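The values are calculated or read from the model by the stated rules, or taken from the named source; none is laboratory data. Keep in mind that this is a model prediction, so the values were computed, not measured. With ideal geometry, Cβ positions are generated from the backbone for all residues, glycine too; neighbour counts draw on all protein chains shown. These area figures cover heavy atoms from the full protein model, side chains too; ligands, DNA and RNA do not enter into them. Shrake-Rupley method; radii C 1.70, N 1.55, O 1.52, S 1.80 Å.
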Amino acid sequence: MKVDVAICGNPNVGKTSLFNLLTGSRQRVGNWPGVTVTKKEGYKYWKGHEIRFVDLPGTYTLGARSLDEKIARDAIVNGDEDIIVIISDSLSMERGLYLLIQVLEATAKPVIFVINAIDEAKRAGIVIDKLGLERALNVPVVFTSALTGEGIEELCDKILEVYSKPSINQRSFILRYGVEIEEILQKITYRISEQRQFSEYNLRWLAIKFLESDPEITKSLSNVISDVRIPEDVQIEISSTRYQLVSNLLRNFVSESSYDVWSVSDAIDHVFTHKYLGIPIFLAILYMIFKVTFEIAAPLSDLIAAFFDWLSGVFSRLSPNWLASLLSDGIIGGVGSILTFVPNIFILFFMMGFLEETGYFSRAAFVVDRLMYYLKISGRSFISFILGFGCSVPAIMSTRVMEDQRERLVTLLSIPFISCSARLPVYVLIAGTFFGKNAGNAIFSVYFLSIVVTVISILALNKLFFKGVPSPFIVEMPRYRMPTAKNLLVYMWSNGKHFLQKAGTIILVSTVVIWFLSYFPTGDVGNSYAARLGKFIQPMFKVHGFDWRVTTSLIFGISAKEVVVSSYATLVGAEEGSPSLMNTLRSSIDSISAFALMVFVMAYIPCFATLATIKSETGSLKYSVLSIVYTTVVAYILSLIVVVVGKALIT
């Protein structure tokens, strides 16, 4: 037996943590039909049955004012899932119950109400009458904890029970909204019932959403219900009735401790969100992340580099010479140079996962919102920028939740300046070669510069193209939680595995192409096709101090930023970390040009995937072209400033 389950809930209620706990590494990431929003699916085999879980985007309502809301609603109303699981936070059940009521109104599918973080509720002295809630709502209720694993087995058992026993599925939920509204709903429902195209929907729910001025449903029903008089305050009345029911449920079935204690979370927030200390603390945390990422990963990277150096030497003795060169200098030298940085990438994602799981990112967005206000954007954009430290593609995709189109365009055009994880291998190679013990400081300075450049970009774009007013920002502060090792490992793997996938696909293909261009037509890299290409554009970077190998690597790096390292390794014909590569790099450029190169890589043309995402999200090629020109000009000027100022200081 196979059961399909949709997991829905408010943001920051532990929905994704529960999803990870249920599915572990058995996850698959795709896209929702017709859009580029990530669709995450996972599988669990329980008592001889396969349960497929779909993690829906977090939402507070079943409206359709943002793409995430629309996807969640479409999955609940029109999806193929057999059961809907609604996740609520045990310490803030009001919003979870409000969402549950909307789901019960919208669909006749079986629903299970999961109250998460039950361990925290027990510590806070909160007692929840589980059986009372089940009788009042006529839906199964399960207590869970994503931290301790409590209730996971019960939830899986309940899913199979609900699916296999039709009697449990038979429920009837109708919330009455008062005489006047009920009369209007009856009229609208009757009109809709005459239209065949709406026969598959819950007609009462369609009528309610019409009264709530839902954009999509209003557009569909406007011709059918043009003459029905709707009171002005009907939306407020509907919301008030729902919240009244929620209030009654909480009053009757949830008892809270009478002690008013300043929690540990409140005490930490007093420091982390402080008006003056908040931003310095955030910068200190970023500094710690990049310092630790470099220093802890260094020994592991050295071991991997030594292995690929040995492997390259083994294959270099093969014949004919072109095959030995392809395997040792091309494939092993190129792909191996990237795999050397796997420890750095995975440690970075582990640290970012820790900050996200603890709930700190929401605080960082709140703190920075004060600065964002003066930039005429909101802390909502900052969340996208934080995602950009991992990868620009999901960061740009996350801007779709912004209702202000101006803010969205400014944000997605500025995100490429945030240093994504793909640039980290370039930084580590250059910093490790030129700056020794200060390598961590050099890397942090580039990341800090990327933040400064992003801020300037926001100001410039707002001033020149997208003049507007600041957008309001409302964010819910999740409680601080200690992440579980399993959730951190799942987060690290689900994000870091894409780096390995690129090493086996894009980077492998790029490495073979680069080797071909660097080996032919004569077998001498100095007279190869790649050398001709690099030498053609090298005069443009003469003032920067970049040689033709560097400029060639930058060209190939447009496909994926990691390719800058593998390209250079292939052109030099040596493995990363080996003395020949590092010595060649030292002999090619000085330390000032090296830092200028880091700055150029930080800012120049986004990778192909990012450019494609910009086009997909904006629906126009012109913004991708604008991004290419804009970032390249900024990168050239910034790196030139580094060279000029650096040489002026040492002379």
Q.
Give all pairs with beta carbons closer than 7 Å in which a residue from segment 280-302 that is closer than 17 Å to residue 432 by Cα meets a residue that is open to solvent by less than 40 Å² (accessible area, probe 1.4 Å) and among the hydroxyl-bearing types (Ser, Thr, Tyr); count only pairs at least 6 apart in sequence or on separate chains.
A. 290/447; 301/340
Q. Are any residues in segment 532-551 among the basic types (Lys, Arg) and in a helix (DSSP H, G or I), and if so, which ones?
A. 532, 535, 549
(Q) When you scan segment 51-58, do you find a residue that is at pLDDT below 85 and over 30 Å from residue 217 (Cα atoms), even just one? (A) no
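What's the total number of residues in segment 517-530 that are in a helix (DSSP H, G or I) and touching a residue at least 40 places away in the same chain (Cβ under 8 Å)? Explain how you work it out, then say what you get.
Filtering segment 517-530 down to residues in a helix (DSSP H, G or I) leaves 517-519, 525-527, 529-530.
Among the residues that remain, those that are also touching a residue at least 40 places away in the same chain (Cβ under 8 Å) are: 518-519, 525, 530.
Of the residues in that region, 4 qualify.
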(Q) assigned to a helix (DSSP H, G or I), open to solvent by 40 Å² or more (accessible area, probe 1.4 Å) and closer than 23 Å to residue 421 by Cα: is that true of residue 513 in this structure? (A) no
Q: Output the number of the condition that residue 125 fails; it satisfies all remaining conditions of (1) in a helix (DSSP H, G or I); (2) open to solvent by 10 Å² or more (accessible area, probe 1.4 Å).
A: (1)
Q: Take the residues in segment 74-106 that are part of a loop (DSSP other than H, G, I, E, B) and touching a strand residue (DSSP E or B) at 6+ places or on another chain (Cβ under 7 Å), then tell me which one is most open to solvent (accessible area, probe 1.4 Å).
A: 80
Q. Residues of segment 340-359 being open to solvent by 10 Å² or more (accessible area, probe 1.4 Å), over 15 Å from the mean Cα position of the chain (by Cα) and not hydrophobic (A, V, I, L, M, F, W, C), which ones?
A. 343, 358
Q: Of all residues in segment 131-142, count the ones that are buried (at least 17 other Cβ atoms within 10 Å of the Cβ) and touching a residue at least 40 places away in the same chain (Cβ under 8 Å).
A: 2
Q.
Criterion first (within 13 Å of residue 603 (Cα to Cα), assigned to a helix (DSSP H, G or I) and open to solvent by 10 Å² or more (accessible area, probe 1.4 Å)) does residue 451 satisfy it?
A. yes
Q. Which ones in segment 508-528 are within 12 Å of residue 556 (Cβ to Cβ) and hydroxyl-bearing (Ser, Thr, Tyr)?
A. 510, 511, 518
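Yes/no per residue for (1) within 27 Å of residue 384 (Cβ to Cβ); (2) not hydrophobic (A, V, I, L, M, F, W, C):
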{"residue": "415", "(1), (2)": "yes, no"}
{"residue": "421", "(1), (2)": "yes, yes"}
{"residue": "432", "(1), (2)": "no, yes"}
{"residue": "447", "(1), (2)": "yes, yes"}
{"residue": "452", "(1), (2)": "yes, no"}
{"residue": "455", "(1), (2)": "yes, no"}
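Of the residues in segment 2-21, how many are assigned to a loop (DSSP other than H, G, I, E, B) and either open to solvent by less than 10 Å² (accessible area, probe 1.4 Å) or outside the structural domain of residue 58 (by TED's automatic domain parsing) (or both)?
To start, the set of residues in segment 2-21 that are assigned to a loop (DSSP other than H, G, I, E, B) comprises 10-14.
Those still in the list that are either open to solvent by less than 10 Å² (accessible area, probe 1.4 Å) or outside the structural domain of residue 58 (by TED's automatic domain parsing) (or both) too: 10, 13.
The qualifying residues number 2.
Identify, from the list 191, 135, 196, the residue that is in the same structural domain as residue 48 (by TED's automatic domain parsing) and either touching an Asp or Glu at 6+ places or on another chain (Cβ under 7 Å) or more than 18 Å from residue 107 (Cβ to Cβ) (or both).
Details: 191 fails: in the same structural domain as residue 48 (by TED's automatic domain parsing); 196 fails: in the same structural domain as residue 48 (by TED's automatic domain parsing).
Every option except 135 fails the conditions.
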(Q) Pairs needed: first member in segment 111-130, in the same structural domain as residue 7 (by TED's automatic domain parsing); second member anywhere, crowded, with 22+ Cβ neighbours inside 10 Å and basic (Lys, Arg); C-beta distance under 8 Å; at least 6 residues apart or different chains. (A) 116/15
Q) Inside segment 55-73, can you point out the residues that are in contact with a Lys or Arg (Cβ under 7 Å, 6 or more places away or on another chain) and open to solvent by less than 10 Å² (accessible area, probe 1.4 Å)? A) 62
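Of the residues 153, 200, only one is modelled with pLDDT of 90 or more and either open to solvent by 70 Å² or more (accessible area, probe 1.4 Å) or closer than 30 Å to residue 67 by Cβ (or both); which?
Working: 200 fails: modelled with pLDDT of 90 or more.
Going through 153, 200 in turn, the sole match is 153.
Looking at residue 410, is it closer than 30 Å to residue 587 by Cα, modelled with pLDDT of 85 or more, in the same structural domain as residue 556 (by TED's automatic domain parsing) and not small (Gly, Ala, Ser)?
Values: closer than 30 Å to residue 587 by Cα: no; modelled with pLDDT of 85 or more: yes; in the same structural domain as residue 556 (by TED's automatic domain parsing): yes; not small (Gly, Ala, Ser): yes.
No.
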Q: Pull up segment 156-188, narrow it to residues that are open to solvent by 30 Å² or more (accessible area, probe 1.4 Å) and of a type in the set (Phe, Trp, Tyr), then point me to the one that is modelled with the highest pLDDT.
A: 163
Q) Quick one: residue 564 ticks every box in (1) part of a helix (DSSP H, G or I); (2) surrounded by 17 or more Cβ atoms within 10 Å (Cβ to Cβ); (3) modelled with pLDDT of 90 or more bar one, so which box is it? A) (3)
Q | Restricting segment 540-561 to residues that are in contact (Cβ under 8 Å) with a residue 40 or more places away in the chain and β-branched (Val, Ile, Thr), the residue that is surrounded by the most Cβ atoms within 10 Å (Cβ to Cβ) | A | 550
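Quick check on my filter: what residues within segment 54-70 are within 20 Å of residue 208 (Cβ to Cβ) and touching a Phe, Trp or Tyr at 6+ places or on another chain (Cβ under 7 Å)?
Restricting attention to segment 54-70, the residues satisfying the condition of being within 20 Å of residue 208 (Cβ to Cβ) are 59-66, 69-70.
Of everything in segment 54-70, nothing turns out to be within 20 Å of residue 208 (Cβ to Cβ) and touching a Phe, Trp or Tyr at 6+ places or on another chain (Cβ under 7 Å).
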